[in-house]
1. For the chain, taking Cα atoms only, what is the radius of gyration to one decimal and the Dmax to the nearest whole Å?
2. Would you list, by chain and number, the aspartates and glutamates whose Cα falls below 19 Å from the Cα of Lys128, excluding same-chain residues fewer than 8 positions away?
3. Taking segment 157-252, which chymotrypsin sites (Phe, Trp or Tyr not before Pro) meet the DSSP loop condition and have no more than 14 other C-beta atoms within 10 Å?
4. Express in nm, to one decimal, how much length is gained between Arg147 and Met247 on full extension, taking 0.36 nm for each residue of separation and deducting their alpha carbon distance.
5. Once fully extended, how much extra length lies between Lys137 and Glu161, figured as 0.36 nm per residue of separation less the alpha-carbon to alpha-carbon distance?
6. Based only on Cα atoms, what mean projected area does the convex hull of segment 35-128 have, in nm²?
7. Hey, got a sec? Which GluC sites (Glu not before Pro) in segment 87-173 land in a DSSP loop and have at most 13 other Cβ atoms within 10 Å?
8. Which value, in Å to one decimal place, does the Kirkwood hydrodynamic radius take for segment 142-190 when every pair of different Cα atoms is included?
Amino acid sequence: MNSRQHQLDAFNRLLDIMDDLRQKCPWDKKQTLESLRHLTIEETYELGDAILNNDLQEVKKELGDLLLHIVFYAKIGSETNDFDMADVCNEICDKLIHRHPHIYGDVVVANEEEVKQNWEKLKLKEGKKSVLEGVPKGLPALVKASRIQDKVKGVGFDWEESHQVWDKVQEELNELQHEVIEGNQDKIEAEFGDVLFSMINYARFLNVNPEDALERTNKKFIKRFQYLESKAEELGKPLMDMTLAEMDVFWEEAKKLR
């Protein structure tokens, strides 16, 4: 692996290139914090895909793309004298030191859970009025639910045993079924949301990331459906002309292929 000096040299090279692009490239000169935002979100999802695929070369590539965005934002901030790359780095360094008193202070912790609890307590001491302030409003609902539950757990608001959470899932399913029978669409949606929220909570107790689990199922479904499509093409028969029984034969074949 590269030495610390080589890593610093590489980062300095990136800063120099960013200076050149911002000064000489018509596209880079036009960019703003707002124009880069949606691209940054896209890059973050691409990094997430690479991680789920365990493609380390792609992870390296996507990390570079994301790092470029961070450097880009810092460059724009320096142009308005609001912040630069040093400010960004020092800000996170100061936060990490403050939030890890068990490393940089005299606090003693027994395990990971105590670290997370101390983290949330420190955030409240810093002026946060709610432990949920740190959950971005723009997060996808499934990810947001997971982060909400993780945050409140940090201050002790949590179930004690996994079977209690499963009981809650069953309770929410029964309430959903009741509203389905009643036929009230608004209440059906509300109860369906409660079921999803309780399932995400249960996933936490199983040490399962619900976002990763769902994406894994998405990929599995896509692979099997595309197998079905390829078989239909071999037969020269459009899917819409096949019966469910015919399609199910190929679906079962796809399941065996993994």
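1. In order Rg, Dmax, the Cα atoms of the chain give 24.6, 72 Å.
2. Within reach: Glu91, Asp94, Glu120, Asp150.
3. Listed in order of number, the matching sites are Phe157.
4. Working: separation 100, 0.36 × 100 = 36.00 nm, distance 3.90 nm.
The span from Arg147 to Met247 would gain 32.1 nm if fully extended.
5. On the way: separation 24, 0.36 × 24 = 8.64 nm, distance 2.95 nm.
Working it through step by step, the gained length comes to 5.7 nm.
6. With every direction weighted equally, the projected area is 8.5 nm².
7. Working: sites: Glu91, Glu112, Glu113, Glu114, Glu120, Glu126, Glu133, Glu160, Glu161, Glu171, Glu172; in loops: Glu126, Glu160, Glu161.
Listed in order of number, the matching sites are Glu126, Glu160, Glu161.
8. 12.6
Each value in this text was obtained by applying a stated rule to the coordinates, not by laboratory testing. No experiment lies behind these values; they were computed from the predicted model shown. All Cβ positions, glycine included, derive from the backbone under ideal geometry; neighbour counts span all protein chains shown.
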